[in-house]
Amino acid sequence: QGGLFVWAELPEGMDAMKVFEAAVENNVAFVPGTHFYTEGGHLNTLRLNFSMCDIPTIEKGMEKLGEVISGL
């Protein structure tokens, strides 16, 4: 229902920056959520953009991201 992003939370204690670094090595990217908080924190959050890719590409990217998260 509108929008360009999906906001997600990783399990408590998981650092989205570490996930980001591993994800980029697998050709997947997102924006760590901490950058959206003026006081910082919220290290386990991330923002996913789905406006530039077709559904098969999104599915492939989510599969890769899932593998990255499972491997940490």
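Okay, here's what the table says:
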read-out	value
Residues of segment 37-56 that turn out to be modelled with pLDDT of 95 or more and in a helix (DSSP H, G or I), as a count	1
Members of segment 1-36 found to be in a helix (DSSP H, G or I), under 10 Å from the mean Cα position of the chain (by Cα) and among the aliphatic types (A, V, I, L, M), listed by number	Ala16, Met17, Val19, Ala23
Residues that are open to solvent by 30 Å² or more (accessible area, probe 1.4 Å), polar (S, T, N, Q) and out of contact with any Lys or Arg (no Cβ under 9 Å at 6 or more places or on another chain), drawn from segment 15-72	Thr38, Asn49, Ser51, Thr57, Ser70
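The values are calculated or read from the model by the stated rules, or taken from the named source; none is laboratory data. What you are looking at is a predicted structure, and each value in this text was computed from that prediction instead of being measured. Ideal geometry is used to build each Cβ from the backbone, glycine not excepted, and the neighbour counts take in all protein chains shown. Ligands, DNA and RNA are excluded from the accessible area calculation, which covers all protein heavy atoms including side chains. Shrake-Rupley method; radii C 1.70, N 1.55, O 1.52, S 1.80 Å.
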